[in-house]
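**Q** Input: one structure, supplied below.
Throughout, read-outs are computed from the coordinates displayed, never taken from laboratory work. These numbers were taken from a predicted model, which means no experiment stands behind them. Backbone-built Cβ (ideal geometry, glycine too); neighbour counts: all protein chains shown.
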Amino acid sequence: MRLVEVDVSSFNRRFRVELDDGAAVEAVLYRGDTLCVSSQVGCAVRCPFCASGARGLLRGLTLEELWGQVEGARGLGHHVSRVTVSGVGEPLHNHDQVRAFVLRCREQRVGPSLTTSGGPLPRLSEWLALPHNGLTISVHAGSEATRAALVPKGPALAPLFELLVASLPALSRARRKKVALAYLAMAGRNDGDAEVDAFVERARPLGVAVHLYAYNPVASSGHTPISRARYEQLYQRMRTAGLVVRMSSQARIEANGGCGTLVAAPSALARPERTLLPLARTPA
């Protein structure tokens, strides 16, 4: 496999990760030292605003392919001190390989974190207790209907938050601080006051931080970003309601590093992977 630099901006460098079977995914180096890696070729969650799952799931990456993204970036002369498994793929759907990768990162003194849509829930429960530097759960909704539309193959909100309410108190304070929720605001989809307030009501009892992300549009998705003014209004609304909210960094705002913009290209010879994971939504 090899990494090919395809885009450079003020804060980020974007790479095409060419795999030995002819498939490809993408990785991004944020701010010169944090590498966002992909965990699968494609994604079965199929969020409609996200380019990563547009072609479905082909296969999971191996440990060697995961670590190869770190070594590939270093081989191009870049320093990597932190890694986030937040690129193409759902990490919990490639549990064994991602777990081994996170352990290798810690052994090599590279701080690992990951982003997940939350399912399967038994695996999320396990990841809450596993050693990592951060676990961000993509929620993007306050109501079940909006969650089902935006994260169609992730767990429903009720069982997801029930698990978090039950699990977080058992964690140490230091480990709870490593858990966060993500809310990616999109115009006309989840940016209404009622939707945001419903999310706040679910999130507030958990006592964890919220990443309020600005949306970088994906071609042909039909989803659009909110205005900067509206974004700041939502930030203040969540803060006033008692949440600890973090705004998108400049690196996240840039088009080559935005949430959901990374793509996967299957090999012409490959066939979609038959998944045995329980990908259907968990009933509320």
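**Q** Restricting to Cα atoms and excluding each atom paired with itself, what does the Kirkwood estimate give for region 56-100 in Å? Working shown, then result.
**A** Details: mean 1/r = 0.0871 Å⁻¹.
With all distinct Cα pairs of region 56-100 included, I get 11.5 Å.
**Q** Counting Lys +1, Arg +1, Asp -1, Glu -1, what net charge surrounds A229 among other residues with beta carbon under 15 Å of its beta carbon?
**A** Values: positive: R228, R230, R237; negative: D191, D193, E232.
Charge balance in the 15 Å sphere: 0.
**Q** With a 10 Å cut-off between alpha carbons and a GNM built on the chain, which of G118, G53, G134 moves the most?
**A** G134
**Q** Within 11 Å, Cβ to Cβ, of A209, how many net charges do the neighbouring residues add up to if Lys/Arg are +1 and Asp/Glu are -1? Before the final figure, lay out each step's value.
**A** Details: positive: R176, K177, K178, R246; negative: none.
After counting each charged neighbour, the total is +4.
**Q** Quick check on region 39-168: what does the Kirkwood estimate of hydrodynamic radius come out to from the alpha carbon pairs, in Å? Mind showing how you got there, number by number?
**A** Values: mean 1/r = 0.0653 Å⁻¹.
It works out to 15.3 Å.
**Q** Can you tell me how the chain classifies by the Cα gyration tensor, rounded, prolate or oblate, using a/c under 1.5 as the rounded cut?
**A** Rounded, since a/c falls under 1.5.
**Q** Could you compute the FRET efficiency for V165 and S81, with r as their C-beta to C-beta distance and R0 at 35 Å, rounded to 0.05? Don't skip to the answer; put the middle values down first.
**A** Working: r = 34 Å, r/R0 = 0.97.
Efficiency computed from Cβ-Cβ geometry: 0.55.
**Q** In region 31-62, which trypsin sites (Lys or Arg not before Pro) are in a loop and have at most 15 other Cβ atoms within 10 Å, using DSSP for the loop call? Working shown, then result.
**A** Numbers: sites: R31, R46, R55, R59; in loops: R31, R46, R55.
Counting only loop positions with at most 15 other Cβ atoms within 10 Å, the trypsin sites (Lys or Arg not before Pro) in region 31-62 are R31.
**Q** Pull up the DSSP beta bridges for the chain and report the antiparallel fraction as a percent, rounded to 5.
**A** That works out to approximately 45 percent antiparallel.
**Q** Could you tell me which residue out of G77, P91, V200 lies farthest along the dipole of the chain toward its positive end? Charges go on the beta carbon: Lys and Arg +1, Asp and Glu -1, centred on the Cα centre.
**A** Towards the positive end, the residue furthest out is V200.
**Q** Testing the spin-label approximation: label points 7 Å from Cα along Cα→Cβ at E232 and R176. State their distance in nm.
**A** Between E232 and R176, the label points sit 3.3 nm apart.
**Q** Most mobile of S52, S220, S138 per a Gaussian network model of the chain (Cα springs, under 10 Å)?
**A** S220
**Q** Which one, A145, S220, Q236, projects farthest toward the positive side of the charge dipole computed for the chain from Cβ point charges (K/R +1, D/E -1)?
**A** Of the candidates, Q236 comes out farthest on the positive side.
**Q** Now, a different point. Want the number for A187 to S125: 0.36 nm per residue separation, take away the alpha-carbon distance, what's left?
**A** On the way: separation 62, 0.36 × 62 = 22.32 nm, distance 3.18 nm.
Residue separation times 0.36 nm, minus the Cα-Cα distance, leaves 19.1 nm.
**Q** Would you mind calculating the relative contact order of region 2-253 from Cα pairs under 8 angstrom and at least 6 residues apart, reporting the percent as a whole number?
**A** On the way: 497 pairs, mean separation 36.4, N = 252.
Relative contact order, region 2-253: 14 percent.
**Q** Of the trypsin sites (Lys or Arg not before Pro) in region 150-193, which ones lie in a loop per DSSP and count no more than 15 other C-beta atoms within 10 Å?
**A** Numbers: sites: K153, R173, R175, R176, K177, K178, R189; in loops: K153, K177, K178, R189.
Taking region 150-193 and a limit of 15 other Cβ atoms within 10 Å, the loop trypsin sites (Lys or Arg not before Pro) found are K177.
**Q** Another question, then. If amide hydrogens are placed 1.01 Å from N in the peptide plane, which non-local residues have theirs closer than 5 Å to the one on A182?
**A** When sequence neighbours closer than 5 places are left aside, the close amide H contacts are I137, S138, V139, H140, H211.
**Q** Can you pull the one-decimal nm distance between simple spin-label points at S9 and T224, each 7 Å off the Cα toward Cβ?
**A** Taking the simple label geometry, S9 and T224 are separated by 2.0 nm.
**Q** Ok, one more. Top mean-square fluctuation among A149, A51, A27, Gaussian network model of the chain, C-alpha springs under 10 Å?
**A** So, out of A149, A51, A27, the one fluctuating most is A149.
**Q** If you don't mind, there's one more thing I want to ask. Give the Kirkwood hydrodynamic radius (Å, one decimal) of region 81-122, defined as one over the mean of 1/r across all pairs of different Cα atoms. Walk me through the numbers on the way to the answer.
**A** Working: mean 1/r = 0.0942 Å⁻¹.
That comes to 10.6 Å for region 81-122.
**Q** With +1 assigned to the C-beta of every Lys and Arg and -1 to the C-beta of every Asp and Glu, and no other charges, what is the dipole magnitude of the chain about the Cα centre in debye, to the nearest 20?
**A** Working: 34 positive and 24 negative charges, 118 e Å.
That gives the chain a dipole magnitude of about 560 debye.
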